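Have a look at the structure below before the remarks.
The values are calculated or read from the model by the stated rules, or taken from the named source; none is laboratory data. Computed from a predicted structure; not experimentally measured. Neighbour counts run over all protein chains shown; Cβ positions are idealised from the backbone, glycine included. For the accessible areas, the whole protein counts, side chains as well, though only heavy atoms, and no ligand, DNA or RNA atoms are used. Shrake-Rupley method; radii C 1.70, N 1.55, O 1.52, S 1.80 Å.
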Amino acid sequence: MDKQFVQRVVFQFKDRRAKPFTNKQRWGVTEPSDQKSVLCQFEAKPVDEIKSQVAKKANKRKLANQIVGGRAGRTRRAGERERAETGDPGVPGDADGLRRPCHVRGRVQYLVAVDLKNRTTMTAAQAQAAQTQKPAAEEAKHRVSYFYDSEQGLYKKLDVLRPRLLSNTAMTRFHSDEYIDFLKYVTPDNMSDHKEKLQRFGLGEANPIFDGLFEYVQLYTSGSIAGAQRLNNKMCNTAINWSGGMHNAKPSEASGFGYVNDCVLSILELLKNHDRVLYVDLDIYHGDAVEAAFYNNKRVMTVDFHKDGNIFPGTGDVDDIGVGEGKGYAVNIPLKEGIDDKTYLSMFKAIVGKAMALFQPNAIVVCSGANSLSKERLGCFNLSTKGHGECIRVLRDANLPTLLLGGGGTNLCNTARCWTYETAVAVGEDIKDDMPFSEVYDYFAPTFKLHDSVSNMENLNAKSYLDEINSKIFDNLQSYVATAVPIEKMQVEESLPAPDKVAKSDTVPSSGAKAAASAAKS
């Protein structure tokens, strides 16, 4: 038999001998049955013996997971020694009560959601893909790698945490009870029976109902709240939850693909321990719900860079500066199509620098939407990942407690590039431009680079237009924003539940109620 026919040998177990056959035999092509014509003869163990060995290995792995949560025993012992030295209580346990090792590498912590049933970590995009039962190849498209690669070691600079899922009542600090209850109740099977509520709550084609919707909402909201809590407790300087950043969700309405506004809930959480919070929005769409929630509040300043009113949601004019006590504390920078890195960064550094000098925040929340990048399907800006990441670098250098959230991004590859690079910026790590090989390597063709090129679209932001915006913003900041004025901390009866605690009650604080009422009126 010609050797070219023996491309692969496939096993069929029978008693103690393996019966090999070639690909041609497998697909019905007859070949000589003489065993000498086969390149090699194989000995095999009985099937029962092989199954027994596989079962033993599986039991060992299962036992290891039960003892140390998937890590080696020495890792757990090292983690316990480190927690004893630093006083870090460690990562909250899962539903089974087990505690996970907490290794503080630097002071940056990355919040991921966890599937408590299957005990696997995942991003919100992965969770949604799992709930909708997408094929593995389709799920790989939606997976964003934040750790880059083992050689680069970016994940070693992060303390990866699994936040405990919030209860539905914890979200009613900003959202209405009826709306949250409906999100928990509605499914694709019963949605046809609630057409009136679907319309009232903004659910449908733009904000679809899918299996596991409420679990998905819990995942990304829990990560953002847990990050704010750890900043409050001074357990880190920077917390990251790229699954969050749903800045368009209203108190009783889904909007802009967002169902629960984790940005507002995170700011409310930070206000418990910080006098003033600065919210910076890099998403191309205006964060109308966040602005409305604190429109009359001088403890929160919102600085929003977005496309002008010719795009969703049609708000965010430069003259919208807040009302009452919050007048001057809403800063809107509406930009036209094609803005590039140089123009954007000049505006960003000037306006954010002025705002921070006058407002003097104690903490920062960032909605780092990647839809303001070049080549975005629904966007129209012309920013590179380096230009976008430079904004994060400016905020990082302020050396304030910072919560980094995700946001929009329909170009999946560029979104992955952006948030990977900004994770590296947050931890102060330089990473290679060459994309490491992975299961999604082919999606980054043809360049296979971390930094993609920008387009040649025209920048429609004339210098006179930008100068006019700068002048108005600087005048408003100087006129209305007091400098270094002590602000009485918000009195809160009950805090949101810590990741390892169950909520006993979820009383809405007075300022949270005002924020919700303000957002509802708008």
> Could you say which residue among G244, G227, G258 is farther than 30 Å from E468 by Cα, without any contact (Cβ under 8 Å) to a residue 60 or more places away in the chain and under 20 Å from the mean Cα position of the chain (by Cα)?
Replying inline: G258
> Out of the residues in region 136-165 that are at pLDDT below 75, of a type in the set (D, E) and not in a loop (DSSP other than H, G, I, E, B), which is least open to solvent (accessible area, probe 1.4 Å)?
Replying inline: E139
> open to solvent by 20 Å² or more (accessible area, probe 1.4 Å), touching a residue at least 40 places away in the same chain (Cβ under 8 Å), among the polar types (S, T, N, Q) and farther than 13 Å from V365 by Cβ: does that describe N237?
Replying inline: yes
> So is I431 in contact (Cβ under 8 Å) with a residue 24 or more places away in the chain and in contact with a strand residue (DSSP E or B) (Cβ under 7 Å, 6 or more places away or on another chain) or not?
Replying inline: no
>> Take L373 and tell me if it is surrounded by 22 or more Cβ atoms within 10 Å (Cβ to Cβ) and over 22 Å from L404 (Cα atoms).
In response: no
> From the set of residues in region 185-210 that are within 21 Å of the chain's Cα centre (by Cα) and surrounded by fewer than 15 Cβ atoms within 10 Å (Cβ to Cβ), which is modelled with the lowest pLDDT?
Replying inline: A206
> Somewhere in region 250-261, is a residue open to solvent by 10 Å² or more (accessible area, probe 1.4 Å), part of a loop (DSSP other than H, G, I, E, B) and modelled with pLDDT under 95?
Replying inline: yes
>> I want to confirm something. Restricting to region 367-404 and keeping residues that are under 12 Å from I339 (Cα atoms) and small (G, A, S), which single residue is modelled with the lowest pLDDT?
In response: G379
> Based on what the data block shows, is G407 modelled with pLDDT of 90 or more, open to solvent by 40 Å² or more (accessible area, probe 1.4 Å) and of a type outside the set (S, T, N, Q)?
Replying inline: no
> Do we find that E390 is open to solvent by 10 Å² or more (accessible area, probe 1.4 Å) and either in a loop (DSSP other than H, G, I, E, B) or free of Cβ contacts under 8 Å to residues at least 40 places away in the same chain (or both) in this structure?
Replying inline: no
> Failed condition for T315, given (1) open to solvent by 10 Å² or more (accessible area, probe 1.4 Å); (2) closer than 21 Å to L405 by Cα, with all others met?
Replying inline: (2)
>> Give me the residue from region 298-351 that is in contact with a Cys (Cβ under 8 Å, 6 or more places away or on another chain) and in contact (Cβ under 8 Å) with a residue 60 or more places away in the chain and, out of that set, farthest from C380 (Cα to Cα).
In response: I311
> Among (1) assigned to a loop (DSSP other than H, G, I, E, B); (2) closer than 30 Å to H286 by Cβ; (3) over 12 Å from the mean Cα position of the chain (by Cα), which single condition is G409 missing?
Replying inline: (3)
> Can you tell which of N470, N456 is at pLDDT 95 or above, among the polar types (S, T, N, Q) and open to solvent by 20 Å² or more (accessible area, probe 1.4 Å)?
Replying inline: N470
> Across region 166-184, what is the number of residues that are buried (at least 19 other Cβ atoms within 10 Å of the Cβ) and touching a Pro at 6+ places or on another chain (Cβ under 9 Å)?
Replying inline: 6
>> Of the conditions (1) under 17 Å from Q229 (Cβ atoms); (2) open to solvent by 20 Å² or more (accessible area, probe 1.4 Å); (3) in contact with a His (Cβ under 9 Å, 6 or more places away or on another chain), K272 satisfies every one except a single condition; which number is it?
In response: (3)
